[in-house]
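For reference, the structure is listed below as structure tokens.
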Amino acid sequence: MNSDTANSQAQDGSHSLSTGDDASDSPCIGVCTTLYDEICQGCGRTLSEVSNWVFLSDEEKLSVWKRIREDGTAMRFQRQAKENKPT
């Protein structure tokens, strides 16, 4: 990756923790918290999915991404909606 590409990605936020789903391997946004269940409020994954993420196959990861996107309640998606809201 050349420096122009790196600068472009840094400016558009495609590799930030809160945006860029398509460029991110993990849904993690660095806000790891659960309340009364085993679902992370930051990313929407189960505790098992979080702890085993690096061992999941690409198909398993896609399945998790699909489920948490459809649910859309995790902070990850609330942040994205706020950031993408027209001003």
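Readers should treat all values here as calculations from the given coordinates under stated rules, not as data from a laboratory. Only a predicted model underlies this, so the values are computations on that prediction, with no experimental measurement involved. Glycine also receives a Cβ, built like all others from the backbone with ideal geometry; neighbour counts cover every protein chain displayed.
Some points to look at:
- Extension reserve of the residue 67-residue 51 stretch, reckoned as 0.36 nm per residue once the Cα distance is removed: 4.0 nm
- Computed FRET value (nearest 0.05) for residue 38 with residue 58, which takes r as the C-beta separation and R₀ as 35 Å: 0.90
- For residue 39, no residue whose modelled amide H falls within less than 5 Å of its own remains once neighbours fewer than 5 places apart on the same chain are excluded.
- J(HN,Hα) series, segment 47-58, from Karplus relation 6.51 cos²θ - 1.76 cosθ + 1.60, nearest Hz, glycine and proline x: 4, 5, 5, 5, 6, 10, 3, 5, 9, 6, 6, 4
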